[in-house]
Amino acid sequence: MNISIIGTGNLAFHFSEIFMSTSDINLIEIFGRKKTLPKEFNNSINYCNCLTKLKEADFYIICISDDYIKNISKKIITKRNNIVLHCSGSTKMDVLSDHLSHGVFYPIQTFSKEKKINFKKIPIAIESNSIKSLKKIKKLGLLLSEKVFLASSDQRLAIHVSAVFANNFTNYMRIIADEILKSNNIDSDILNPLSLETTDKLKYLSSKKAQTGPAIRNDIKTIKKHLHLLKSTNHFKIYEIISKEITKLNNEL
């Protein structure tokens, strides 16, 4: 499979790494807006900064911000058998409808260039405008992951919203936690074992059963102490709202 990657962000970087290490995939080039390929990428990769000069590929995988997918897609010149894919969870497939064969290739994971990823464990949601293209997209997905499944645009949006809660919001909570500790001259690394255990428990328990803390116990005295500590910060309201929502879980457990 000959593949071109459109973009030079975190996802594009990880795709380039896994494509280059997969024998049945040939990464023919990467497109980016800068004059040269960013230094984080393997310097043996062919690089192009002009969309109209892209080499022909079986797949053109668009890995850019959602707002620019449609405009970039329109500039890609394709033939009947070329498939254009985007990797967005919240963008409908039809933004690629200028191309005869198109679809979605959405890996459900958080990507940072500094952290290696095991693609085999990453679920990949796929969609296509034709059965023929869908089979090809699924074949590509199975070269990378053990979990490839069909998801409509509405289903992908639900997955993406859920992922924001599970990952982005959770990480933001850790940012707050780090700030509170640092403001009290405490090394934030002390929370690392707790964060790891929180994630590990979900392998064995449902998220509801894994919930602990003062709010789920309806420990009003402790909650008031915490709120008193946070009263002069921007974190007060967040703690108050989330604690109230967790307390409501008592009726469901």
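The lone criterion from (1) open to solvent by 20 Å² or more (accessible area, probe 1.4 Å); (2) over 20 Å from N26 (Cα atoms); (3) touching a Phe, Trp or Tyr at 6+ places or on another chain (Cβ under 9 Å) left unmet by A125 is number (1). Scanning segment 79-116 for residues being within 21 Å of N168 (Cα to Cα) and of a type in the set (S, T, N, Q) gives a total of 6.
Quick grid of which residues meet (1) of a type in the set (S, T, Y); (2) at positive phi; (3) buried (at least 19 other Cβ atoms within 10 Å of the Cβ):
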residue	(1), (2), (3)
I30	no, no, yes
R33	no, no, no
S44	yes, no, no
L51	no, no, no
D66	no, no, no
I69	no, no, yes
R80	no, no, no
S88	yes, no, yes
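Confirm whether K120 is in contact (Cβ under 8 Å) with a residue 40 or more places away in the chain and of a type outside the set (D, E). In short, no.
One residue stands out among those in segment 213-253 that are in contact with a Phe, Trp or Tyr (Cβ under 7 Å, 6 or more places away or on another chain) and aliphatic (A, V, I, L, M): the one that is surrounded by the most Cβ atoms within 10 Å (Cβ to Cβ), which is L230.
Residue pairs whose Cβ atoms lie under 7 Å apart, sitting 6 or more positions apart in sequence or on different chains, and linking a residue in segment 16-31 that is outside any helix (DSSP H, G or I) to a partner that is polar (S, T, N, Q) and surrounded by 21 or more Cβ atoms within 10 Å (Cβ to Cβ), are L27/S16; I28/S4; E29/S4; I30/T8; I30/S16; F31/S4. In segment 190-207, what residues are open to solvent by less than 90 Å² (accessible area, probe 1.4 Å) and not β-branched (V, I, T)? Passing the criteria: L191, N192, P193, S195, D200, K201, L205, S206, S207. Contact map, segment 148-166: first residue within 22 Å of K138 (Cα to Cα), second residue loosely packed, with under 14 Cβ neighbours inside 10 Å and small (G, A, S), Cβ cut-off under 7 Å, separation 6 or more or different chains; the map is empty.
Can you tell me which residue among R156, R174 is open to solvent by less than 80 Å² (accessible area, probe 1.4 Å), in a helix (DSSP H, G or I), touching a strand residue (DSSP E or B) at 6+ places or on another chain (Cβ under 8 Å) and of a type in the set (K, R)? Show your work before the answer.
Values: R174 fails: touching a strand residue (DSSP E or B) at 6+ places or on another chain (Cβ under 8 Å).
None of the others qualify; the one that does is R156.
Being among the aromatic types (F, W, Y) and crowded, with 20+ Cβ neighbours inside 10 Å, is that true of even one residue in segment 97-111? Full working, then the answer.
Taking segment 97-111 as the starting set, the residues that turn out to be among the aromatic types (F, W, Y) are 105-106, 111.
Subsequent filtering for residues that are crowded, with 20+ Cβ neighbours inside 10 Å retains 105-106.
Yes; the residues of segment 97-111 include at least one that is among the aromatic types (F, W, Y) and crowded, with 20+ Cβ neighbours inside 10 Å.
Inside segment 88-145, can you point out the residues that are basic (K, R) and in a helix (DSSP H, G or I)?
K120, K121, K132, K135, K136, K138, K139
The values are calculated or read from the model by the stated rules, or taken from the named source; none is laboratory data. Just so it is clear, the structure is predicted and the values come from calculations on it, not from any experiment. Cβ atoms come from the backbone with ideal geometry, glycine included; neighbour counts cover every protein chain shown. To get the accessible areas, we keep the full protein, side chains included, count just its heavy atoms, and leave off ligands, DNA and RNA. Shrake-Rupley method; radii C 1.70, N 1.55, O 1.52, S 1.80 Å.
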